[in-house]
Amino acid sequence: MPVRRPRPGPGEKPSALKDPCDDRPVKDVVPPPAHLLTADVLMDANGVPDVDVLRRHLDHEGVLAQELLLDLIKKASDLLEQEPNVLKLQDPITVVGDIHGQYFDLVKLLEVGGDPGEVQYLFLGDYVDRGSFSVEVMALLYAIKIKNPKRIRMLRGNHECRQMTSFFNFREECEYKYDLTVYHAFMDSFDMLPLSATINGKFLALHGGLSPELTSLKAINSVNRFCEPPREGLLCDLLWSDPLEPKEDEAPATKPAKKAASVPSFIPNDVRGCSYFFSFEGAAKFLQKNSLLSVIRAHEAQLEGYKMHKTNPATGNAGTVGPCSTRCYPPRSSDPIITVFSAPNYCDVYNNKGAVLKFDNSSLNILQFNCSPHPYHLPNFMDVFTWSMPFVIEKVTEMLYYVLQTPAGEEARDQEGLEAMDLPPLPTKVRAQFSNASLTAEEKSVVEFASQLAGKTRSAAASSGSRGAGSAEAEEAQTPEKQAEQADRIRKKVRTIARMARMMKTLRQENETIVQLKGICPGHKLKPGMILAGKDHLASELQRFNHAMEIDAENELRPEGGPV
Amino acid sequence: MGQTESLSRAEVHSLANFSKQDIARLYSRFRSLDADGNGHLDPTEILGVTELTENPLVRRVISVFDKDDSGNVSFLEFVLGLAKFTASASEQEKLEFAFAIYDVNKDGFISNGDLFQVMKMMVGDNLGDVQLQQLVDRQLVMADRDGDGKLSFEEFKEAVQNIGIAEQLSVDIRSY
């Protein structure tokens, strides 16, 4: 639905949703802005946005005037287009992994990582999809990019493309909050995002990982990045590949260790359905050849928000460092691959921490942070009318069904030939109401009949003993065939209502399951039933994380074909 | 309610949606529901139907049927209320009924409190009040074209049309 919110007057700040009847029940919830944010409030004379004003507006799900959002996208896009495929950066710098539409966690992240007006940031991509606030994430990131072009650096992730955003929910979110013009503008800007960065010439940072086609950094610079990423090749691999993990059932204790030399550098990535797994050996060769220490990448959810993939001396395979309780770790030259993931409690179900990496004075610190509360959305941006209408229809039709259902034994009386009853004559005033209503003679007689019965019920209060009078002789006037036919017709009507009530019941029950998840956003390709099933008996955070990984595994796969 | 209930032109047409047999049958049902035989249905008489004790919207429907706010449903109110559910009732009538379900205080607008109350009846304890308030606020901001903080029938109609609710509401119950 395109934005239809009113604009404030020129130079006026957007005001909050009004409460004219003073009956808004939960006053603790800050009412959202009812007006659009406009350029004359956000931008200074040089067209540079005030990041604090924007953040305060977005914090309560405020919407921007469309031309203002398009202007932010255009300005950021022009800056990104000027940047090379491989950025050359120096510390101090804060490196950020996947954000995935978790705007309220991004706000927290910027508090933890340092004021973007003072601190250098490198974002590794996957800003959008899965969460419900991707537009807010992009608006804020592009605004801080425009404000600090040299200090804020953004790389492309595998979700920053038409195919993934159509399959997941960013396209839908753009259409819900703005329209397709905004979506297409974002897609064109994603084509401008650089692919990688070096830090101090020693760390290579990118979203996914290495590629068999990546022999030197020069190879990356020769890629034409201004396009929708293909399904194979260097551009695809940089955004999609993963480090090879030892499988649990191949632990050294149960199986003889493979010789290090037998591990190929790259094997096809069946988890993603495209690109490769790169082995520790593959990474080591590449790093050595290019005089690099580590690959810094994102792309995979981590329980602790980060993972140091390092050599396991016993097997020669990659291994992992167990979860630690302290927040900072010194870097080791033996950590050739580091994953960072910055979306805490990913998809509201993973129970993971978020983390950012701080490089300073050639040392590496890891800052972890927990998830922040976010406003509740129904899955797929369903609004309350859409959610509640099946409920209303079901409960109302159910009520009518039981009100109209004739109890056994009462059916005979249904067939009363009430025309034969002694009904009071209609006053001429009432009769005059029908005469100019352009009815057929038959319709007129129905209305008269109903009005006469209404008069009868009103007098019933005075003579409540007369119920059912006259029904006996009327019943005799009807042939048995006619009675059967009428009874059948009424039964059919009642059945129809019952069937409709059942249909609505199914819909309503589905919608109820949705709210049972309380704040979880499962509509974005996570099935509510699977999340609820067996969740209670999962005691530890690790178990819950693994359960979430398991049910969400299919979403790691690259969808078939092009954008929808 | 007085001795004569005057009918609007639209109500006369609503009544004409029924056949004489329908009216006769509804009269029969009305009288058997009217347990104390006082000529109108009190909420307790309808809630007395065993299957309806758990139905959270019964009081809302009674309130919508009860056009003159007398606290009970007369025979004409009963028939006119039911007329909105016949196949020949217009889409407009069905939308008006749906709107009336949400307009708890019957002031012709869905206010923040109206929408919250009706949603609360349906979600029960599945959502917290904060989550519900967020959903309600968002719906109002989305649909409130004139920025007065409440939804008129026209604003409601537009909101439900944009999301295809009109089709759901105008299901022709005879076609099933």
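The numbers here are math on the coordinates, done by the rules we state, and not lab data. Being a predicted model, the structure only gives us computed values, none of them experimental. Heads up, the Cβs are rebuilt from the backbone with ideal geometry, glycines too, and the neighbour counts pull from every protein chain shown.
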With +1 on the Cβ of every Lys and Arg and -1 on the Cβ of every Asp and Glu, and nothing else charged, how large is the dipole of chain B about its Cα centre, in debye rounded to the nearest 20?
520 debye
Taking the Cβ of B:Gln117 as the centre, find all other residues whose Cβ is under 14 Å away and add up their charges (Lys, Arg: +1; Asp, Glu: -1).
+1
Output wanted: per-residue J couplings in Hz (rounded whole) for the range A:174-182, from phi through Karplus 6.51 cos²θ - 1.76 cosθ + 1.60, θ = phi - 60°, x for Gly and Pro.
4, 5, 5, 8, 10, 7, 5, 4, 5
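To the nearest 0.05, what FRET efficiency results for A:Glu550 and A:Asp23 with a Förster distance of 45 Å applied to their C-beta separation?
After rounding to 0.05, the efficiency reads 0.50.
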Skipping prolines and chain starts, which residues have an amide H placed within reach, meaning under 5 Å, of the one on A:Tyr276, given they are 5 or more residues away or on another chain?
A:Ser241, A:Asp242, A:Asn269
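Can you figure out the FRET efficiency of A:Asn221 with A:Gln66, using R₀ = 30 Å and their beta-carbon distance, to the nearest 0.05?
After rounding, the FRET efficiency stands at 0.25.
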At 0.36 nm per residue, and after removing the present C-alpha to C-alpha distance, how many nm does the segment from A:Ala441 to A:Val112 gain when stretched out fully?
110.5 nm
What is the fewest-to-most order of A:Asp115, A:Asp383 by other Cβ atoms lying within 10 Å of their Cβ?
A:Asp115, A:Asp383
Taking H as built 1.01 Å from N, whose amide H comes closer than 5 Å to the amide H of A:Ala355, not counting residues under 5 places away?
A:Phe341, A:Ser342, A:Ala343, A:Phe369
Quick one: A:Met43, A:Met389, A:Met549, fewest Cβ neighbours within 10 Å first, how do they rank?
A:Met549, A:Met43, A:Met389
How would A:Glu481, A:Glu512 line up from fewest to most surrounding beta-carbon atoms within 10 angstrom?
A:Glu481, A:Glu512
Name the long-range amide H neighbours of A:His159: under 5 Å, sequence gap of 5 or more, or other chain; modelled H, no Pro or chain starts.
A:Asp126
